[in-house]
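The values are calculated or read from the model by the stated rules, or taken from the named source; none is laboratory data. The structure presented is a predicted model; accordingly, all values stated were derived computationally and were not measured. Cβ atoms come from the backbone with ideal geometry, glycine included; neighbour counts cover every protein chain shown. These accessible areas exclude ligands, DNA and RNA; they are computed on the full protein's heavy atoms, side chains included. Shrake-Rupley method; radii C 1.70, N 1.55, O 1.52, S 1.80 Å.
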Amino acid sequence: MILRKAISSDQSTIRRMVNDARINPMQLDWRRFLLAVDDAQNQVIGCAQVKPHGDGTRELASLVVLPARRGQGIARALIERLMSENPPPLYLTCQSGLEPLYWRFSFKALSFDEMTPYFRRLWKLVGFLRRFMPGDPHLSVMRWDGPLT
Ligand SMILES: CC(C)(COP(=O)(O)OP(=O)(O)OC[C@H]1O[C@@H](n2cnc3c(N)ncnc32)[C@H](O)[C@@H]1OP(=O)(O)O)[C@@H](O)C(=O)NCCC(=O)NCCS
């Protein structure tokens, strides 16, 4: 497995992986993506990006590993590379059940008061939408503030 930056022809693969994983399908510009690629089969097996927001915050997002390749450290490799290239603070959002995954990388869940206005708006919007989708999990906003521990 190698990590490489995406190229324009990866755009449809990125979109398909994100759609299949049913995570946020917005803002999927290939220029920001880091890919994990099975070198032998020349197949993209994982992706992730860091999205800049208008208020200056940056968000680790669109992390997906193909189902057949999960549990092999591919997400860890993508997260660690992006963290090494993007100094703290770095934000992310996830379903609350995934917080333990990100604790491993020193991300901490934020209270509403600790969120920036952008993430407060998002958190409220998702909370509102959950009224119509009762089974849906709670959204967590997390932040990495310092070096990996
Ligand atoms: C979440 C996801 C990216 C994990 O990918 P992965 O390649 O299987 O993860 P890794 O094998 O690199 O695991 C990294 C670490 O996180 C842990 N971990 C992985 N999935 C986890 C989960 N669902 N909950 C808690 N911990 C988890 C692993 O045990 C491992 O810990 P370790 O390195 O200390 O042993 C993958 O399951 C996926 O694509 N899910 C669907 C899309 C999604 O939910 N993305 C996250 C959006 S916020």
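Checked against the criterion of being aliphatic (A, V, I, L, M) and touching a Phe, Trp or Tyr at 6+ places or on another chain (Cβ under 7 Å), the candidates Leu122, Leu139, Leu129 yield just one match: Leu139.
Collect the residues in the stretch 71-122 that are in a loop (DSSP other than H, G, I, E, B), more than 15 Å from the ligand (Cβ to nearest atom) and not small (Gly, Ala, Ser), keeping them in residue-number order. Within the stretch 71-122, Asn86, Pro87, Pro88, Pro89, Met115, Thr116 qualify.
You will find that of Val44, Val37, Val65, the residue that is within 19 Å of Tyr102 (Cβ to Cβ) and modelled with pLDDT of 95 or more is Val65 and no other.
Of the residues making up the stretch 111-118, one or more are touching a residue at least 12 places away in the same chain (Cβ under 8 Å), out of contact with any Leu (no Cβ under 8 Å at 6 or more places or on another chain), among the β-branched types (Val, Ile, Thr) and over 25 Å from Ile45 (Cα atoms).
Checking each residue in the stretch 64-84 for being under 16 Å from Ser106 (Cβ atoms) and either small (Gly, Ala, Ser) or open to solvent by 40 Å² or more (accessible area, probe 1.4 Å) (or both) picks out Ala75, Arg76, Glu80, Arg81, Ser84.
Being within 16 Å of the ligand (Cβ to nearest atom), more than 23 Å from Gln95 (Cα to Cα), in contact with a helix residue (DSSP H, G or I) (Cβ under 7 Å, 6 or more places away or on another chain) and open to solvent by 30 Å² or more (accessible area, probe 1.4 Å) is a condition met by at least one residue of the stretch 1-22. For the stretch 123-149, the candidate set comprises residues that are of a type in the set (A, V, I, L, M, F, W, C) and assigned to a loop (DSSP other than H, G, I, E, B); within that set, the residue that is farthest from Glu80 (Cα to Cα) is Phe132. Just one residue in the set Leu98, Leu92, Leu110 is under 13 Å from the mean Cα position of the chain (by Cα) and either open to solvent by less than 50 Å² (accessible area, probe 1.4 Å) or among the charged types (D, E, K, R) (or both); that residue is Leu92.
Do we have Val65 as under 27 Å from Pro87 (Cβ atoms) and within 8 Å of the ligand (Cβ to nearest atom) here? Yes: the conditions hold for Val65.
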